[in-house]
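Attaching a single structure in structure tokens format; questions to follow.
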Amino acid sequence: MESSERSPGIQKIVKLTNPEKLYAIEDRDGRSIPFEDASGSQMVGHYRDNATNSSEVLKIIRDEQGQVTGWHHEQVSLGVAERALEKFRDEHVKVIEDAQGKGNILRNLMQRAGVGTASALSSMLDAWSDKLKEMGQLKNSQRSLQTWNDTYRVQRQLVREVLKREEVSSEVITQIEAIYKTRSVNKAIEKGSALFDLEKSEILKMVKAAIRYAKLLSDESAS
């Protein structure tokens, strides 16, 4: 009767002091044993010696009762097993809860995506990822294009100001404005060629007129 009454007390004072050693099993000589290969007795012996306060519990029993019996060792071993199992249970509950949560998320995603398998969902997510990358690249291209457009508008306005300050003829300014306004590359090239064509160029006409005027003055002076 006395033993059955004291049994819960001994088991309860056994505590898990080194939970990090639950999976690092060692034999009595300190040699490592793979967790998946360790026997039940090896695991209990390892937990008793390395992962719990069992040695302190046995010392308390010896100090209080003067000796440690086989029954005491048995109760301590039961307490060690209880603490280890409780820790495994808590870890496994967390793993199960995480798995259930991820499973629910997976099912919701599959329903929303309208697919029936995780493989199909994975393929769809990969496709979405590729599309997002394409959109990112397009956004960067649009940003670069916007920067180029802003620069072009500033340059265009500066050209207009220079033309005015240099008192370029209105005909030439009109032709340049026509080049700016056209949306066709071919037309812009055509208009530009016309502007600087040796026969049609307004600039060349002004140069020719200046030469003729200078020649006329020269002839008059000679006569």
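The values are calculated or read from the model by the stated rules, or taken from the named source; none is laboratory data. Everything quoted here is computed from the prediction, not taken from an experiment. Here Cβ is always computed from backbone atoms with ideal geometry, including for glycine, and neighbour counts include all displayed protein chains. Ligands, DNA and RNA are excluded from the accessible area calculation, which covers all protein heavy atoms including side chains. Shrake-Rupley method; radii C 1.70, N 1.55, O 1.52, S 1.80 Å.
For segment 77-117, enumerate the residues that are closer than 21 Å to Val44 by Cβ, among the aliphatic types (A, V, I, L, M) and open to solvent by 60 Å² or more (accessible area, probe 1.4 Å).
Result: Leu78, Leu85.
Report, by residue number, each residue of segment 66-76 that is assigned to a helix (DSSP H, G or I) and open to solvent by 30 Å² or more (accessible area, probe 1.4 Å).
Selection gives Gly70, Trp71, His73, Glu74.
I need every pair where a residue in segment 38-62 that is closer than 13 Å to Val76 by Cα and among the aromatic types (Phe, Trp, Tyr) has its Cβ under 6 Å from the Cβ of a residue that is assigned to a helix (DSSP H, G or I) and open to solvent by less than 10 Å² (accessible area, probe 1.4 Å), sequence separation at least 6 or different chains.
Tyr47/Val80; Tyr47/Ala84
For segment 25-65, give me each residue that is of a type in the set (A, V, I, L, M, F, W, C) and either modelled with pLDDT under 90 or surrounded by 15 or more Cβ atoms within 10 Å (Cβ to Cβ) (or both).
Matches in segment 25-65: Ile25, Ile33, Phe35, Ala38, Met43, Val44, Ala51, Val57, Leu58, Ile61.
Given the conditions (1) modelled with pLDDT under 80; (2) open to solvent by less than 100 Å² (accessible area, probe 1.4 Å), report the number of the one that Trp128 does not fulfil.
Result: Trp128 fails condition (2) only.
Within segment 119-132, can one find any residue that is basic (Lys, Arg), under 22 Å from the mean Cα position of the chain (by Cα) and over 30 Å from Ala24 (Cβ atoms)?
Yes, segment 119-132 contains at least one residue that is basic (Lys, Arg), under 22 Å from the mean Cα position of the chain (by Cα) and over 30 Å from Ala24 (Cβ atoms).
Conditions tested, residue by residue: (1) in a helix (DSSP H, G or I); (2) modelled with pLDDT of 75 or more; (3) surrounded by fewer than 14 Cβ atoms within 10 Å (Cβ to Cβ); (4) among the acidic types (Asp, Glu).
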{"position": "Leu163", "(1), (2), (3), (4)": "yes, no, no, no"}
{"position": "Val168", "(1), (2), (3), (4)": "no, no, no, no"}
{"position": "Glu171", "(1), (2), (3), (4)": "yes, yes, yes, yes"}
{"position": "Gln175", "(1), (2), (3), (4)": "yes, yes, no, no"}
{"position": "Lys191", "(1), (2), (3), (4)": "yes, no, no, no"}
{"position": "Leu195", "(1), (2), (3), (4)": "yes, no, no, no"}
{"position": "Lys200", "(1), (2), (3), (4)": "no, no, yes, no"}
{"position": "Val207", "(1), (2), (3), (4)": "yes, no, yes, no"}
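Is it true that Lys87 is modelled with pLDDT of 75 or more and touching a strand residue (DSSP E or B) at 6+ places or on another chain (Cβ under 9 Å)?
In short, yes.
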